[in-house]
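Everything on this sheet refers to the single structure shown next.
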Amino acid sequence: MPDSGFREIRGLDLFAQMTDQNFAALVRGAYVQTFPAQIDLVAEGDPSDFLHVVLSGSVDLYSCWNGRDTSLATVRPISTFILAATIRDAPYLMSARTLEKSRIALIPSQDVRAIFDIDGGFARAIVAELAQGYRAAIKSQKDLKLRTSLERLANFLLRQQKRAGGDASFELEFEKRRLASVLGMTPENLSRAFKGLQPYGITVEGNRILIGDQEDLERFAKPNPLIDDPTS
């Protein structure tokens with residue numbers, strides 16, 4: 001792996017507390033590869049041979065069953081996936097594909113487990129990241145099971161607005177078919193949901209969203225930090 005890749009990875013919370021010696025041992029078999037868009041990186045059910053670190057671009061985590069598929073998460077720089085499978089030496093529960101041209105570091109899973117056993121700082125950071133992932137999964141389940149499709153879309157738009165800088169007008173992160181999958185809807189239901197939000201000030205032009213009445217939308221959506229805050 002080039003030195004620039006070392007520096008990018010070393011700055012992650014997951015690796016920041018490791019000793020230099022153990023970090024060097026961890027990445028000695030690692031390498032960085034650039035993938036074009038829409039390339040499958042891992043398939044659910046495959047053994048977890050590598051811990052992946054997204055250095056640039058973005059990756060879709062998704063699952064398929066019985067002719068259906070759903071997007072579960074989007075991974076952006078600089079962050080890892082799929083850590084739990086690496087630590088447990090278990091099959092991947094999700095598949096992963098690039099959404100755009102992406103630079104990915106691949107760290108052999110056996111090296112991750114070996115350093116986990118001997119480096120306390122690394123082990124504590126892994127526990128913290130797995131705990132954060134668990135909490136994110138619970139929030140996703142609450143969003144899916146406790147909210148109507150209209151409420152899920154409204155809160156997604158508020159979260160997206162915040163990530164985009166808070167302006168009333170912003171671009172969706174990805175195309176609407178994938179958004180429907182993320183929100184647990186069909187594309188047709190998503191289209192109806194957008195129309196259902198028009199009375200609350202939502203205007204849609206292609207992938208651009210305009211929130212015309214912020215207070216009205218928030219009153220309807222009722223954003224909740226125990227569901228919508230990714231940092232808590």
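Values quoted throughout were computed directly from the atomic coordinates according to the rules given, and no laboratory measurement underlies them. What you see is a predicted model, and the numbers here were worked out from it, not measured in a lab. Ideal geometry is used to build each Cβ from the backbone, glycine not excepted, and the neighbour counts take in all protein chains shown.
Sort 32, 54 so the one with the fewest other Cβ atoms within 10 Å of its own Cβ comes first.
Details: 32 17, 54 22.
The fewest-first ordering by Cβ neighbours comes to 32, 54.
Normalising the Debye intensity of the chain to I(0), with uniform scatterers on Cα atoms only, and taking log10 at q = 0.11 Å⁻¹ returns -0.63. Each of 202, 158, 185 was scored by the projection of its Cα onto the charge dipole of the range 148-228, and the greatest displacement toward the positive side belongs to 185; charges sit on the C-beta of Lys, Arg, Asp and Glu.
Only four residue types carry charge here, +1 at the Cβ of Lys and Arg and -1 at the Cβ of Asp and Glu. Report the dipole size of the chain about the Cα centre in Debye, rounded to the nearest 20.
Working: 28 positive and 30 negative charges, 95 e Å.
With only Lys, Arg, Asp and Glu charged at Cβ, the dipole is about 460 debye.
The sum of -39500 (n - 2.57) across all DSSP H runs of n ≥ 4, divided by the residue count of the chain, sets its helix-only mean residue ellipticity at 222 nm to -13500 deg cm²/dmol. Both radii were evaluated on the Cα set of the range 148-228; the Rg over Rh quotient, with Rh as the Kirkwood radius, amounts to 0.91. Charged neighbours of residue 174, selected by a Cβ distance under 13 Å, balance to +1 (K, R count +1; D, E count -1). Projecting the Cα positions of 50, 26, 64 onto the charge dipole of the range 26-76 (unit charges on Cβ atoms of Lys, Arg, Asp and Glu, taken about the Cα centre) puts 26 furthest along the positive direction. Around residue 131, with a cut-off of 14 angstrom between Cβ atoms, what is the net charge of the other residues, counting Lys and Arg +1 and Asp and Glu -1? It works out to a net charge of +1. The range 74-97 and the range 121-157 have their alpha-carbon centroids 15 Å apart. Annotation: the residues 9, 118, sorted from fewest to most other C-beta atoms within 10 Å of their own C-beta, follow the order 118, 9.
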